[in-house]
Amino acid sequence: MLEVFRPLIQASPPIPIPLPLLVLIGVAQNLLLLAVVIGTGLLLGKKIRLGAPLLERWLYHEESSVRAADSFKAGAPVGIAVGVIVTLIILSVAPHMPGLPFVRAAHMPIWKRVLACFYGGIDEEVLTRLFLLTLFAWLGVRIFQKQKARLAPATFWIANVAAAVLFGLGHLPAASRVMQITPEVVVVALALNGIAAIPFGYLYWKRGLESAMVAHFCADFVLYILGVMFLKN
């Protein structure tokens, strides 16, 4: 992500803090944020049977029927399908929106694009699915299912759509640094991120966080490693 916004950073006034120190502060802030959201997500998730079965098995030494291979088998096909669909849509709108981060990512070294895939698969899934979706679902159970502790399908889908909308809107502040935000850009952001977030949320519900992570990584791999190869220079 730093590489995508490099032209903006270079054009800005010099920062009084050395860049290595700034990066270190950013990493520390992210680690603290991750610790809070992971702890909250796991705590609330146990109450409504959402969570990360592989991580919980390691943390709590609990028995689990879920295996790493199961998470990959469930997540990879969904992620690849999402990546192909999103790539085709972005390629169709890219000529009209040259400021898209996807277009800028095409000029990044491939190893940085691979790191971006890990960022999406880990950070964004932890924040959006484990924390945000779990929080919405838990609140839904508390408010609308007072006689039932188990998460109902209707409550889940409301929480999933709400998390997907916020996931899409959450990309706009960063995008605003490299392109003008218009109603069309908002619609595209919500549509593209919704196409990804809805199935990722479903995987989280049915298979656990790890499956959603695998799906997100595969989708980003198709998009940022393979998809950018089809951009017209």
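The values are calculated or read from the model by the stated rules, or taken from the named source; none is laboratory data. These figures come from a predicted structure and were not determined experimentally. Heads up, the Cβs are rebuilt from the backbone with ideal geometry, glycines too, and the neighbour counts pull from every protein chain shown. Heavy atoms of the whole protein, side chains included, go into the accessibility calculation; ligands, DNA and RNA do not. Shrake-Rupley method; radii C 1.70, N 1.55, O 1.52, S 1.80 Å.
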Task: Residue among Pro183, Pro199, Pro173 that alone is open to solvent by 60 Å² or more (accessible area, probe 1.4 Å) and within 23 Å of Val37 (Cβ to Cβ) - done: Pro173
- [ ] With a cut-off of at least 2 residues that are modelled with pLDDT of 90 or more, name the helices (runs of 4 or more DSSP H) lying wholly within the stretch 1-105.
- [x] 19-48, 68-93
- [ ] Quickly run through the stretch 109-138 and pick out the residues that are aliphatic (A, V, I, L, M), over 8 Å from the mean Cα position of the chain (by Cα) and surrounded by fewer than 19 Cβ atoms within 10 Å (Cβ to Cβ).
- [x] Ile110, Val114, Leu115, Leu135
TODO: For the stretch 183-224, name all the residues that are more than 11 Å from the chain's Cα centre (by Cα) and of a type in the set (Asp, Glu).
DONE: Glu184, Glu210
TODO: Could you check Ala163 against (1) at pLDDT below 90; (2) part of a helix (DSSP H, G or I); (3) under 19 Å from Phe131 (Cα atoms); (4) open to solvent by less than 60 Å² (accessible area, probe 1.4 Å) and say which number it fails?
DONE: (1)
